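After the structure tokens below, expect a handful of questions from me.
No value in this document is a laboratory result; all are computed from the given coordinates. Keep in mind the model is a prediction, meaning the values are calculated, not measured. Neighbour counts run over all protein chains shown; Cβ positions are idealised from the backbone, glycine included.
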């Protein structure tokens, strides 16, 4: 098998989902027996202080015999999350105007002048 045949075998079908610093790749590949399987790759970009960067990748291999159960469990998990928390994103990393509970004015404790202890300069 030459290099071009190997590349054609690797590039059967591919989709890319860009999500902030993360990119997800869904790639259909072939086994040696010419059957297909799916790889899902998460690639996350990390930037160093000097401006250089690197990527960390995590990969899942999913074979046809597991598709039905995988789809059912993925659907059940996503339905549960959306049912419990809705579709609104409430994450600091994903929502620029998100405020932590401690940032909200209702949660800020305001101390009155009467609650301070009387301190004299002679005491210091």
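Just to be sure I understand, how many residues within segment 45-73 are under 26 Å from residue 89 (Cβ atoms) and not in a strand (DSSP E or B)?
Total meeting the criteria: 4.
Could you grab the pairs with beta carbons closer than 7 Å, sequence gap of 6+ or different chains, first residue in segment 69-90 and touching a residue at least 24 places away in the same chain (Cβ under 8 Å), second one in a helix (DSSP H, G or I)?
That search, which allows pairs on different chains as well, returns nothing.
Give me a count of the residues in segment 11-44 that are part of a loop (DSSP other than H, G, I, E, B) and over 13 Å from the mean Cα position of the chain (by Cα).
Adding up the residues that qualify gives 7.
Kindly list, by first and then second residue, each pair from a residue in segment 24-39 that is in contact (Cβ under 8 Å) with a residue 12 or more places away in the chain to a residue that is surrounded by fewer than 13 Cβ atoms within 10 Å (Cβ to Cβ) and assigned to a loop (DSSP other than H, G, I, E, B), limited to pairs with Cβ atoms under 7 Å and residues at least 6 apart or on different chains.
28/12; 29/12; 30/12; 36/12; 37/31
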